[in-house]
Each structure stands twice: as C-alpha cells, then as structure tokens.
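J.: Take a look at this one; I'll ask things after.
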Amino acid sequence: MPMETRSIICISCPVGCPMTVTLEGGEVTKVEGNTCPRGESYAKKECVNPTRIVTSSVPVEGGEFAMVSVKTASDIPKSAIPDCARALRGVVAKAPVAIGDVIVPNVAGTGINIIATRHVKTLLSF
C-alpha cells in the first residue's frame, strides 16, 4: 500500500497542535507536530479508528422538565453515530431521572450505554 499523509488538529488539550500523520498500509508510522504524548495517541486513534462521544436529549414523562440531556457513557466508533441517533428516536425517560441513569443500554450494539447527564425530579401534582 502507498504511503499517505494527513493533516489534523489535536483536540486532546487546549493547545490544538497542528500535526502531520504518516500512514503506511493503514498503520500510523509517524506523527509530527505534537507537543505532548497525548497528541501522538490522539493522532493514532483518529486516523485508524475515530470515535466520538454522542450528546442529545430525550423527553421525560412526568418530570419537572420536559427533556433530559443524555450522552454516550464513553466514545463510540464514528461509523456508529447514525445508528445511535436512530436508536434515540422515540425514547422517553420516566421521572425521576438521576445523573448516570442508563436511558438506552448497549446503544446500536456498541456495548456502550446512553446515560442521563442531569437530574429530573418527578413533577408534583396537587
């Protein structure tokens, strides 16, 4: 396989180092431009298996708020994001909701849960 180079900006810290990544046969062989070890790690992961944290919100039934913010408990493969978004369609959480509650287990078969990122108390009715 031919050698390929990619230019990326590191997002591991606020510095935002511009890096050049060299790949041969789908493997990272060289990373240049990073000012810390996190940059090299980020570049390797981003060029071979990019992942992202997905954030969204879902409706809450019987809660003090109409919606609750949610996110993946950890990063998922970038290619799984559309399936993750589809899996969130139609999901309704039931109050009360606590931070860290699992809203959707094993989203899109990734092994990662969608969790709540805020508390929502039950709406009191009189």
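J.: Excluding residues on the same chain fewer than 8 positions from K121, give the lysines whose Cα lies under 29 Å from its Cα.
T.: Cα-Cα hits under 29 Å: K71, K94.
J.: Full-extension gain between A85 and R118, please, as 0.36 nm times their residue separation minus the C-alpha to C-alpha distance.
T.: In short, 9.9 nm is gained.
J.: With charges set only on the Cβ (+1 for Lys and Arg, -1 for Asp and Glu), what does the dipole of region 3-49 come to about its Cα centre, in debye to the nearest 20?
T.: Dipole magnitude for region 3-49 comes out near 160 debye.
J.: Identify, among T5, P82, T122, the residue whose Cα sits farthest towards the positive end of the charge dipole of the chain, taking +1 on the Cβ of Lys and Arg and -1 on the Cβ of Asp and Glu, with the dipole about the Cα centre.
T.: With unit charges placed on the Cβ atoms, the residue in question is T122.
J.: What order do you get for 111-124, 92-105 when each peptide is scored by the mean count of other beta carbon atoms within 10 Å, highest first?
T.: Peptide ranking by packing, descending: 111-124, 92-105.
J.: If you don't mind, another one. Using the Kirkwood formula over every pair of different C-alpha atoms, what hydrodynamic radius in Å results for the chain?
T.: That comes to 16.8 Å for the chain.
J.: Further, regarding this structure: When ligands, DNA and RNA are left out and all protein chains stay put, how many square angstrom of accessible area per residue does region 31-126 have with a 1.4 Å probe?
T.: Per-residue accessible area for region 31-126 comes out at 59 Å².
J.: Rank T29, T22 by accessible area, highest first, at a 1.4 Å probe radius?
T.: T29, T22
J.: Just the accessible area for K45, please: 1.4 Å probe, Å², rounded to the nearest 10?
T.: Accessible area of K45: about 90 Å².
J.: Determine the share of the chain's accessible area contributed by carbon and sulfur atoms, expressed in whole percent, with a 1.4 angstrom probe.
T.: Reported share for carbon and sulfur atoms: 56 percent.
J.: In addition: Using a 1.4 angstrom probe with every protein chain in place, what is the largest-first accessible-area order of M19, M67, M3?
T.: M3, M67, M19
The values are calculated or read from the model by the stated rules, or taken from the named source; none is laboratory data. Since the structure is predicted, the reported quantities are computational estimates derived from the model, not experimental observations. Every residue, glycine as well, gets a Cβ built from its backbone with ideal geometry; the counts of neighbours run over all protein chains shown. Ligands, DNA and RNA are stripped out before the accessible areas are found, and what is left, the full protein with its side chains, is counted by its heavy atoms. Shrake-Rupley method; radii C 1.70, N 1.55, O 1.52, S 1.80 Å.
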